[in-house]
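The block underneath contains the structure these notes are about, expressed in structure tokens.
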Amino acid sequence: MAYSVAQLAQWSAAKLIGDAERTVEKIIFDSRKSFSSEETLFVAIKSTTNDGHSFIAELYDKGMRSFIVEADCAIDYKKYPEASFIECTNSIESLQSIAAQIRHSFSIPFIGITGSNGKTIIKEWLAHILEKTYKVGRSPRSFNSQIGVPLSIWFLAKDIDFALIEAGISMPGEMEKISTCIQPAYGLLTNIGQAHQENFESLEQKLDEKLKLFASAHTIFYNGDDAMINEALKQHFPDKALVSVGAEPGNNLQIVKTETTSGGTSLSLHWKEQAFTLQLPFQDAISIENSLLVALCALNLGVSIEILQTEMQQLFPIAMRLEQKEGINNCLLIDDGYNADITSLGLALDFLNQMGAKRGLSKTLILSDIQQSGVDATLLYQKVLRLAEEKGITKLIGIGENMFAAKEGLNAYQSTEEFLEKVDVNTFKDEAILLKGARHYTFERISALLEQRRHKTVLEINLNALAENVKYFRSKLGKETKLLAMVKAFSYGTGSFEIANLLAHQKVDYLGVAFADEGIELRKTGISLPIIVMNPELSSFPMMLEYELEPEIYSFEVLEAYLSAVQRQGLSRVPIHVKVDTGMNRLGFLPEETESLIERLHKNSSVFVSSVFSHLAGSDEAIHDGFTQQQINCFTSTCQQMEKGLGYGFTRHILNSAGIERFPEAQMDMVRLGIGMYGVSVVDNTNLQQVNTLKSYVSQFKTIKAGETVGYSRKGRSNNEMQIAVVPIGYADGYNRRLSNGVGHVIINGKKASVVGNICMDMCMIDVTDLNIKAGDEVEIFGTQLPIKAMAQQLETIPYEILTSISRRVKRIYIME
Ligand SMILES: *Cc1c(COP(=O)(O)O)cnc(C)c1O
């Protein structure tokens, strides 16, 4: 749908400046996303970390012409004579008002889904089942925020029978706003748990807030066995139809019996005087609970028991995230095999660009027919072609009837079978390939052929979580405080380009590396942020100057060597960073050397002091707080002395991650964030998101007799018959040998299991007696279920050592939710 800017201004009660005739079809609020300028509206949003208004000039230069801006940002409209501006007081609220108006143009029922967990999976499953009977629109991925909900409504097709919209909140006051956009006739409450609890006083308060979504609903679906939910709903909504599922009598959909079967679960249910069974392909309690809410809602909306039985049997785990995999012939593979719609295609192409850029691979898109009702097929394919071109795709392969019909400009095949038959996958070489297919095209068959399978132990790095953690630490800082992100030692074991690129997008001010080589590697992959080298070798100075890497200067010897390197290249006013040793007793000038240092630097035109910094020795432990304060005081007075002596100011910084959390008052001009953004906090890990998961697979499962031994030196002994799993991770991967013989444990299928015998170089054995394990099952070494901190404790070390010890042969896999 296209809307005129005049219409949008009117809907949001805002002022329009510039051409009123212009129409827009798409919305973006992230300036990094590419766009087709003519028909896109940029919404400038101010957040704690970023201000969209600061990108307007850049976007205008690129051809963008329609903007929503906030009045108090005082944009100088004269500078943008061809643009149309919708000027409002709050951009997000305007977006919400616009969505509320668009919502009014629909006369079909909306289903609003909220709750702590499971919103997206329930929405996706429900959509899948309802689609057998109805035309359904839904929020893309997990677009459920203050911005995500309005966008979801903007993107809805017109000719649908139901709209499924998720709504998530993180603080009081938010639900009322998005509920006005959704106005659901039906509400679905997934559950209430601890997620996003930090801004709420209690679970009850959060529940009350969530229930605001249902103000306009006539019917609410929920888990009737949850006493708190049951009571709250009855109290708030005595006049609405409350429809529940649960084992207790009185639930509308009653669970009579639950049985675990070989591949899943069999449920005996009772619905409106009818008894029937459902087979689910899962065994875990959460998936079962989610499926039952889906069944409840679908039955109520008129889906037949037969359809439900067929479809529920084949519910699939949903890949709600993008994952980068190693492909054959130096290809890189991104597998997005669930959805095919224009919005998520745009997101996936952005991820492809971000990941593929590193190795300079050419870009390929394998795309199935797009399922988007209400849009003319020819137009839709023109759009796809344009989008692919904008994002630099050089090879586009289409699969499906529509793709085949719209064949111009692409290689097309009528079906996945035809593709598999006719195409030799070995012709793919040095390409970054995005596989994007709607579920029933079963693109997993293509991905299985394109994926390189070797060593199956991987370190999975969640880039969204890393970005969220950066945001969390930013929230502790003043607006002016700069952020240096530490990416030394292969970004604490997590990667180089991938992490630096993400941090550049997060607009950090500096990167910190330990050695010049690390900085050079980043420059070669196109990272242009300022980089400080903490531990520069004297011999690397010429290269550092060439690559514009800035040195930490920690002694007179280093200073002299650097000055001569600078002079030899005829450079002047090159930045340096002076390290002061205030008590760590590692690198740095001693405070008493300050005067001589000033003397050497005063009026020196080769270099200038860009920053002065020091490092805290015990910022993470309360027993050292007195000492930390002393270090801070000593640093402050050294800086004063330097500033006076040099006659100019510089950036001052002393805090590391623990310092930011525990001594935010000492943030000065900049902080140096390290371990915290990788997901480890010394204060309270619940503030941070899990970034790293080390995982492997069961390569063999076997049963051994009582009295037999396991592994080298026959250290593992079985008193009774024992079942063991062989897992391909050993000390050469960084799985520390001191975790042998029951010291360490792992998680397999959600269950804890101990290491048996000695850990070998490339493998270890795990006692999985009675855990119902089979070859191929996933094994978590550390991650969400087994915190890295717990593993560090078992080893009497710190998480830093564990992360940086994971060997380079362990594949790093990046995911983006
Ligand atoms: C590694 C390092 C940091 C970051 O420390 P974290 O504890 O990981 O936050 C900060 N400053 C210097 C000088 C460092 O070497």
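The values are calculated or read from the model by the stated rules, or taken from the named source; none is laboratory data. What you are looking at is a predicted structure, and each value in this text was computed from that prediction instead of being measured. Ideal geometry is used to build each Cβ from the backbone, glycine not excepted, and the neighbour counts take in all protein chains shown. Only protein heavy atoms, including side chains, enter the accessible area calculation; ligands, DNA and RNA are left aside. Shrake-Rupley method; radii C 1.70, N 1.55, O 1.52, S 1.80 Å.
Taking residues in the stretch 552-565 that are over 23 Å from Leu511 (Cα atoms) and in contact (Cβ under 8 Å) with a residue 40 or more places away in the chain, and partners anywhere that are away from the ligand (no atom under 16 Å from the Cβ) and of a type in the set (Asp, Glu), the pairs with Cβ atoms closer than 8 Å and at least 6 places apart or on different chains are Phe556/Glu593. Do we find that Lys715 is of a type in the set (Lys, Arg) and either open to solvent by less than 10 Å² (accessible area, probe 1.4 Å) or in contact with a strand residue (DSSP E or B) (Cβ under 6 Å, 6 or more places away or on another chain) (or both) in this structure? In short, no.
Count of the stretch 617-637 residues, restricted to those that are among the hydroxyl-bearing types (Ser, Thr, Tyr) and away from the ligand (no atom under 16 Å from the Cβ), is 2. Go through the residues of the stretch 559-581 one by one and say whether even a single one is in contact with a Cys (Cβ under 9 Å, 6 or more places away or on another chain), in a strand (DSSP E or B) and open to solvent by less than 30 Å² (accessible area, probe 1.4 Å). Within the stretch 559-581, one or more residues are in contact with a Cys (Cβ under 9 Å, 6 or more places away or on another chain), in a strand (DSSP E or B) and open to solvent by less than 30 Å² (accessible area, probe 1.4 Å).
Sort out which residues of the stretch 583-593 are open to solvent by 20 Å² or more (accessible area, probe 1.4 Å) and either within 16 Å of the ligand (Cβ to nearest atom) or in contact with a strand residue (DSSP E or B) (Cβ under 7 Å, 6 or more places away or on another chain) (or both), and write them in order of number. Listed by number, the residues that qualify are Gly583, Met584, Asn585, Arg586, Leu587, Pro591. Once the stretch 660-719 is narrowed to residues that are more than 15 Å from the ligand (Cβ to nearest atom) and under 28 Å from Ile623 (Cβ atoms), the residue that is modelled with the highest pLDDT is Glu665. A single entry from Lys774, Lys811 fulfils the requirement of being more than 17 Å from Asn692 (Cα to Cα) and more than 16 Å from the ligand (Cβ to nearest atom): Lys774.
Number of residues in the stretch 472-481 that are within 20 Å of Ser614 (Cβ to Cβ) and assigned to a helix (DSSP H, G or I): the value is 1. Tallying residues that are touching a Ser or Thr at 6+ places or on another chain (Cβ under 9 Å) and either within 12 Å of the ligand (Cβ to nearest atom) or at pLDDT below 95 (or both) within the stretch 594-606 yields 2. Where helices (runs of 4 or more DSSP H) fall entirely within the stretch 482-549, those with at least 2 residues that are of a type in the set (Phe, Trp, Tyr) and within 16 Å of the ligand (Cβ to nearest atom) are at 488-493. Among residues of the stretch 526-551 that are closer than 15 Å to Tyr562 by Cβ, those with a Cβ under 7 angstrom from a residue that is in a loop (DSSP other than H, G, I, E, B) and more than 16 Å from the ligand (Cβ to nearest atom), sequence gap 6+ or separate chain, pair up as Leu545/Gln569; Leu545/Leu571.
Within the stretch 783-805, the set of residues being away from the ligand (no atom under 16 Å from the Cβ), of a type outside the set (Asp, Glu) and either outside any helix (DSSP H, G or I) or open to solvent by less than 80 Å² (accessible area, probe 1.4 Å) (or both) comprises Gly783, Thr784, Gln785, Leu786, Pro787, Ala790, Met791, Gln794, Leu795.
Within the stretch 736-783, being closer than 14 Å to Leu795 by Cα and not β-branched (Val, Ile, Thr) holds for Asn736, Arg737, Arg738, Leu739, Ser740, Asn741, Gly742, Gly744, His745, Phe782. Just a yes or no: is a residue in the stretch 728-739 open to solvent by 60 Å² or more (accessible area, probe 1.4 Å), farther than 30 Å from Leu503 by Cα, more than 16 Å from the ligand (Cβ to nearest atom) and within 30 Å of the chain's Cα centre (by Cα)? There is at least one residue in the stretch 728-739 that is open to solvent by 60 Å² or more (accessible area, probe 1.4 Å), farther than 30 Å from Leu503 by Cα, more than 16 Å from the ligand (Cβ to nearest atom) and within 30 Å of the chain's Cα centre (by Cα).
Screening the stretch 1-67 for strands (runs of 3 or more DSSP E) wholly inside it with 2 or more residues that are hydroxyl-bearing (Ser, Thr, Tyr), at pLDDT 90 or above and outside the structural domain of Ile393 (by TED's automatic domain parsing) returns no ranges. Among the strands (runs of 3 or more DSSP E) confined to the stretch 248-329, the ones with at least 2 residues that are free of Cβ contacts under 8 Å to residues at least 12 places away in the same chain are located at 253-260. Mind checking whether some residue in the stretch 747-758 is crowded, with 16+ Cβ neighbours inside 10 Å and part of a helix (DSSP H, G or I)? No: zero hits.
On the stretch given as the stretch 223-247, residues that are in contact (Cβ under 8 Å) with a residue 24 or more places away in the chain and either under 20 Å from Asp208 (Cα atoms) or in contact with a His (Cβ under 8 Å, 6 or more places away or on another chain) (or both) total 13.
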